[in-house]
Amino acid sequence: MKTQQLSCLVAAAEHGSVRMAALKLGRSPTAVSNALRELERELGCALIDRTPDGVILTDAGRAFAAHARLIIHQMEQAKNDLVEINDAKNGRLGLTVTPWMTGSIIGPALSRFRKRCPGVQIHMDEHLGHVYRPLREGQVDLSFGPMPSAEELQYVEATPIYFQTHAVMGRKGHPAENATTWDELRGYDWIMTIEYRDMSPLLKQLIESQDDGVQRIHYADSGLCCLSMLRTTDMLTLAPWPVVEMPGVRAIVFALNLHEDEAPITQCLVTRKDDILSKPAQIFLECFEEERINFALSDDPVIKRMAAVVEPIGISV
C-alpha cells in the first residue's frame, strides 16, 4: 500500500470525480484511476462506485478513507517534525489559554520554551468556555481550559491538571461587598465570559428566581473586557479563584466570602483526539510541566496566593 494510493482515494472522496482528484494531485486521470484499482486489489474490496457523474465511495470506501486521511495527516506531521528538527526547531506553536493560567504559569513556560526553540513563532489566544473550535479545526496545537462539553469530547481529549472553585467578584466599594449569601445578590446585573447555566447552579438559581422582567446577564468575549466592566459598574461576575490573585486584579476588585460554596471545576490540557503533537508542542508541554512544579513551590507572594487556591493533578507529558 502506497501513500500515493491513499492520496488518490482521499482526493476522489473529496471531489467526487477522478478528473478533479487528478487536477488537485497534479497527476493524470489515468494514473489516479490505476492507483485506485491497485488499492482495491490490495484490499480485496470495492472502494468506489463509478457513475456517469463521477465516483461515490462504497461503505468500505468511506470507512477506509477515514483511516487514509489520518495516515496522510500523520505522515505530513512526521515530515514537518523532521524539518523543524533539522532547521533548529523552526515552526509554529499555537495555544489557547484560560486567563488565569496566562497570568501565572504560561508566561514562564513560554520563556523557558523560547530558550529551547528560539526559531519557533508563538500564536496565543484567550480561551473561554467549554468549546474548542480552534483546536478541532487545527488552528492551534494545544488548549488549556475547562472540561470540554460532551459534544466536544467526540473530537478532543482532556487531561485534568487542576481543580479550582469560583469566586463572586465586583469592584472595590461595591454595595454588596459585605454580602455572605447568594440571596443578598438579588437585583444586581452580572457580566460573564461564558454561559452561566453551564457554569454555576447557584447563579442559575439566583438569576432564574428573579421574575421581574429585567435582563440581569450580560456577556464579554474577553477577561479584560469583563474586568473593565466590573471596575466601572456595579455588575458582578463569577470567575476562577486564581483570577482574584492575579497581579493588578486585587487592586480593583473584591471577592465575596459566601457561605454557599460552588462545586469545584476542572481545568484541563486539551488536545485533538487521535492526533500526534508537533515537536514544538511536545517541547512546550515539557516546559509547562517544569513550570507547574515551580508554580507549586514558588516563594513569590503573588504566585503563592494563586497556587493556594488550586489543587494540582499529576499529569505525564
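The values are calculated or read from the model by the stated rules, or taken from the named source; none is laboratory data. Note that the coordinates shown come from a computational prediction; the quantities given were computed from them, not determined experimentally. Cβ coordinates were reconstructed from backbone atoms using ideal geometry, including for glycine residues, and neighbour counts include every protein chain displayed. Surface accessibility is based on the protein's heavy atoms, side chains included, excluding ligands, DNA and RNA. Shrake-Rupley method; radii C 1.70, N 1.55, O 1.52, S 1.80 Å.
Among the residues here, GLY187 does not qualify as in contact (Cβ under 8 Å) with a residue 40 or more places away in the chain and either in a loop (DSSP other than H, G, I, E, B) or open to solvent by 70 Å² or more (accessible area, probe 1.4 Å) (or both).
I'd like to check something: does the stretch 34-44 contain any residue that is within 30 Å of VAL302 (Cα to Cα), small (Gly, Ala, Ser) and surrounded by 15 or more Cβ atoms within 10 Å (Cβ to Cβ)?
Quick first cut of the stretch 34-44, residues within 30 Å of VAL302 (Cα to Cα) only: none.
Checked the stretch 34-44: no residue is within 30 Å of VAL302 (Cα to Cα), small (Gly, Ala, Ser) and surrounded by 15 or more Cβ atoms within 10 Å (Cβ to Cβ).
For beta carbons closer than 8 Å, sequence separation of 6+ or different chains, a first residue in the stretch 21-46 that is under 15 Å from VAL10 (Cα atoms) and a second that is of a type in the set (Asp, Glu) and in a helix (DSSP H, G or I), the qualifying pairs are ALA21/GLU14; LYS24/GLU14; ALA46/GLU40.
Can you find a residue that is in contact with a strand residue (DSSP E or B) (Cβ under 9 Å, 6 or more places away or on another chain), assigned to a strand (DSSP E or B) and open to solvent by 10 Å² or more (accessible area, probe 1.4 Å) anywhere in the stretch 129-149? I'd like the intermediate steps shown before the answer.
From the stretch 129-149, those in contact with a strand residue (DSSP E or B) (Cβ under 9 Å, 6 or more places away or on another chain) are 129-130, 132, 134-136, 138-148; that's our starting set.
Now restrict to residues that are assigned to a strand (DSSP E or B): 142-146.
Applying the additional criterion that residues be open to solvent by 10 Å² or more (accessible area, probe 1.4 Å) yields 146.
Yes, the stretch 129-149 has at least one match.
Within the stretch 66-98, being outside any loop (DSSP other than H, G, I, E, B), at pLDDT 85 or above and touching a strand residue (DSSP E or B) at 6+ places or on another chain (Cβ under 6 Å) holds for ARG92, LEU93, GLY94, LEU95, THR96, VAL97. For ALA179, the conditions (1) part of a loop (DSSP other than H, G, I, E, B); (2) touching a residue at least 12 places away in the same chain (Cβ under 8 Å); (3) among the hydrophobic types (A, V, I, L, M, F, W, C); (4) open to solvent by 20 Å² or more (accessible area, probe 1.4 Å) are fulfilled apart from (4).
If you go through the stretch 259-317 and keep only what is buried (at least 17 other Cβ atoms within 10 Å of the Cβ) and charged (D, E, K, R), you end up with GLU262, ARG272, ASP275, LYS279, GLU289, GLU291, ARG292.
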